[in-house]
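Worksheet for the structure shown next.
The values are calculated or read from the model by the stated rules, or taken from the named source; none is laboratory data. If you're wondering where the values come from, they're calculated on a predicted model, not measured in any experiment. Here Cβ is always computed from backbone atoms with ideal geometry, including for glycine, and neighbour counts include all displayed protein chains. Calculation scope for accessible area: heavy atoms of the full protein, side chains included, ligands and nucleic acids excluded. Shrake-Rupley method; radii C 1.70, N 1.55, O 1.52, S 1.80 Å.
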Amino acid sequence: MGALGRIRASIAAGLDRLAAALSTFAAWLLFLIGAMLTYEVVARYFFTAPTIWAEELSRLFLIWAVFVASASLIKSRHHIRVSVVIDHAPPGLRRLADIFSLLFVAVIAGVVAFNGAPIAAQSFEVGRTTGSMLDIPSWWMQASIPVGFGLIAAQAIVEALRAATQMPEVK
């Protein structure tokens, strides 16, 4: 393996580890959502003392959990796929279709990340907030779009390269 191959493998391994770490982080966020909403239900219905924070923080955590875990779905190929036709194709055609679909995902995700970043930046600059009782800065939620879709684009490129070059997956 040449220098370029080692660099590519190192980047792929780093993205694989990042996707795995973010997947674990997302799982913890989902656990915390369950705990917060359970607390909210108990506080509201048993003690008539609803919180001002549980619903909004749950929404913030859910948004981040979904977008940061998406790169891991690309890596493990657990994203939604319609493969009824391609499953019956010869292996070479299946591989080409896989590469094409991953590159298509990378382009779309890149466009979303590129167009989402200025929205979050503008919200940060003008100090836009949610307008709720917590008054959370809007960019906290909006930043999940460019970050999440940027990760999806990067992971899709790595997976396309992996499919094209038979690069091994890092466990």
Problem - Filter result (assigned to a helix (DSSP H, G or I) and not hydrophobic (A, V, I, L, M, F, W, C)) within segment 75-101 - result: 75, 76, 87, 88, 91, 92, 94, 95, 98, 101
Exercise for the section: Please specify each residue of segment 120-153 satisfying the condition of being in contact (Cβ under 8 Å) with a residue 40 or more places away in the chain and touching a strand residue (DSSP E or B) at 6+ places or on another chain (Cβ under 7 Å). Expected result: 136
Fill in the blank from the handout: The one condition residue 40 fails out of (1) open to solvent by less than 30 Å² (accessible area, probe 1.4 Å); (2) touching a residue at least 24 places away in the same chain (Cβ under 8 Å) is (2)
Exercise for the section: Please work out if residue 89 is surrounded by 13 or more Cβ atoms within 10 Å (Cβ to Cβ), among the small types (Gly, Ala, Ser) and in contact (Cβ under 8 Å) with a residue 12 or more places away in the chain. Expected result: no
Practice task
Output yes when any residue across segment 102-110 is within 14 Å of residue 158 (Cβ to Cβ), among the β-branched types (Val, Ile, Thr) and assigned to a helix (DSSP H, G or I), and no when none is.
Solution key: yes
Exercise for the section: Search segment 7-26 for residues that are farther than 21 Å from residue 64 by Cβ and pair each with any residue that is open to solvent by less than 80 Å² (accessible area, probe 1.4 Å) and among the basic types (Lys, Arg) when their beta-carbon atoms are under 7 Å apart and the residues are at least 6 apart or on different chains. Expected result: 12/162
Handout entry: Among the residues listed as 111, 105, 126, the single one being open to solvent by 70 Å² or more (accessible area, probe 1.4 Å) and within 23 Å of the chain's Cα centre (by Cα)
Key = 111
Exercise for the section: Could you tell me which of the residues 52, 63 is assigned to a loop (DSSP other than H, G, I, E, B) and open to solvent by 30 Å² or more (accessible area, probe 1.4 Å)? Expected result: 52
Handout entry: Residues of segment 73-86 classified as open to solvent by 80 Å² or more (accessible area, probe 1.4 Å) and free of Cβ contacts under 8 Å to residues at least 12 places away in the same chain, total
Key = 5
Fill in the blank from the handout: The condition of being assigned to a helix (DSSP H, G or I), open to solvent by less than 50 Å² (accessible area, probe 1.4 Å) and without any contact (Cβ under 8 Å) to a residue 60 or more places away in the chain holds, among 117, 164, 156, 160, only for 117
Completion exercise
Selection from segment 120-153 of residues part of a helix (DSSP H, G or I) and small (Gly, Ala, Ser) yields 120, 121, 123, 144, 148, 150, 153
